[in-house]
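Peer 1: Structure below; questions to follow.
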Amino acid sequence: VSVLNVNDNAPLLADQSFSISESAPDGTSLGIVAAVDYDGDSLRFEILSGNLDDAFHLEAEDGMLRVASAAAIDFETRESYALTISVSDGKHVVEAQLQIAVENENDNQPVLADALFAISESAAPDHLIAVLAAEDADGDELTYTLAGEASPLFALDAESGALQVAAGASFDYESGVT
């Protein structure tokens, strides 16, 4: 007597989590979606929804999840994706959620707007001229520095961005110091 296998068990597929750097290039593997079929049937994987901007590709035959559009993956735009996927054994179809966390990278330059400040030629040392405010889309801690030939005339607090008249600095409008 031989017992023949029939496709009477649905595949097992659970919700899963992955992560990817926002700087990962096209084709980068996030991993294989784990699924089991106790009947030994071949499985087919598919993304059903949540694949905004077609950022990811799921290999139908083996469940390998890859970056399809690196340009679509940007932490500052979207910190995570929630994909609904399915796996089928040819008879049964089951669905699960894939949570994909996007890891932030330092990929944006700080932005400091150009500014023009006026001070009196009689401004005393430590006189506060302005507090500079730069922005960084990555949320990184910023430090401020001065450069240029006039930098000895000013003091800039590296942490706060406070720009002050430096000790010993003197200004004379008539001599053209600007």
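The values are calculated or read from the model by the stated rules, or taken from the named source; none is laboratory data. Bear in mind the structure is a predicted one, so any value in this text is a computation, not a measurement. Here Cβ is always computed from backbone atoms with ideal geometry, including for glycine, and neighbour counts include all displayed protein chains. Side chains are part of the model used for accessible areas, which takes the heavy atoms of the whole protein and leaves out ligands, DNA and RNA. Shrake-Rupley method; radii C 1.70, N 1.55, O 1.52, S 1.80 Å.
Peer 1: For the chain, what is the accessible area per residue in Å², given a 1.4 Å probe and the full set of protein chains?
Peer 2: 62
Peer 1: At 7 Å along the Cα-to-beta-carbon direction for both Asp138 and Ala60, put a label point, then send me their distance in nm to one decimal.
Peer 2: About 4.0 nm, to one decimal.
Peer 1: Measure out, as a whole number of angstrom, how far apart the alpha-carbon centroids of segment 122-172 and segment 1-58 sit.
Peer 2: After rounding, the separation between the Cα centres reads 55 Å.
Peer 1: Then there's this: Starting at the first residue of segment 100-106, write each ³J(HN,Hα) from the Karplus equation 6.51 cos²θ - 1.76 cosθ + 1.60 with θ = phi - 60°, in whole Hz, x for Gly and Pro.
Peer 2: 10, 8, 9, 8, 6, 10, 7
Peer 1: Got a sec to turn the phi values of segment 140-146 into Karplus ³J(HN,Hα) couplings, 6.51 cos²θ - 1.76 cosθ + 1.60 with θ = phi - 60°, whole Hz, x for Gly and Pro?
Peer 2: Once θ is set to phi - 60°, the couplings for segment 140-146 become 6, 6, 9, 10, 10, 9, 9 Hz.
Peer 1: Round to the nearest 0.05 the FRET efficiency obtained for Ala72 and Leu48 when R0 = 22 Å and r is the Cβ-Cβ distance.
Peer 2: Computed FRET efficiency for Ala72 and Leu48 comes out at 0.75.
Peer 1: Right, something else. Once you keep just the Cα pairs under 8 angstrom separated by 6 or more residues, what percentage relative contact order results for the chain? Present the calculation step by step, with values, prior to reporting the outcome.
Peer 2: Details: 360 pairs, mean separation 34.7, N = 178.
Relative contact order of the chain: 20 percent.
Peer 1: Taking θ as phi - 60°, what are the ³J(HN,Hα) couplings along segment 83-98 by the Karplus curve (6.51, -1.76, 1.60), each to the nearest whole Hz, with x for Gly and Pro?
Peer 2: 9, 9, 10, 10, 9, 10, 9, x, 10, 9, 10, 10, 10, 7, 9, 10
Peer 1: Mean projection of the alpha-carbon convex hull of segment 74-160 over all orientations, in nm²?
Peer 2: 8.5
Peer 1: Can you figure out the FRET efficiency of Ser120 with Glu159, using R₀ = 41 Å and their beta-carbon distance, to the nearest 0.05?
Peer 2: FRET efficiency, Ser120 to Glu159: 0.95.
Peer 1: Further question on the same structure: Within segment 119-145, find all residues whose amide N lies under 18 Å from a label point positioned 7 Å from the Cα of Glu79 along Cα-to-beta-carbon.
Peer 2: 136-141
Peer 1: Oh, and also: Rounded to the nearest percent, how much of the accessible area of segment 105-148 (1.4 Å probe, protein heavy atoms only) is carbon and sulfur?
Peer 2: Carbon plus sulfur share of accessible area: 50 percent.
Peer 1: From largest accessible area down, sort Glu135, Glu121; use a 1.4 Å probe on the protein chains.
Peer 2: Ranked list, largest accessible area first: Glu135, Glu121.
Peer 1: With the crude spin-label approximation of a point 7 Å out along Cα→Cβ, what separation in nm comes out for Val131 versus Asn7?
Peer 2: 6.7
Peer 1: In terms of modelled amide H atoms, which long-range or inter-chain residues lie less than 5 Å from the amide H of Ala155?
Peer 2: Those lying under 5 Å, H to H, from Ala155 are Gln164, Val165, Ala166.
Peer 1: In the set (1) 1, 7, 12, 13, 9, 7, 6, 6, 6, 6, 6, 5, 4, 4, 3, 2, 2, 1, 0, 0, 0, 0, 0; (2) 3, 12, 20, 21, 16, 11, 8, 5, 3, 2, 1, 0; (3) 1, 8, 16, 19, 16, 12, 10, 8, 5, 3, 1, 0, 0, which value of P(r) over Cα pairs in 5 Å bins from 0, in percent was calculated from the structure you see?
Peer 2: Comparing each candidate, only (1) matches the computed number.
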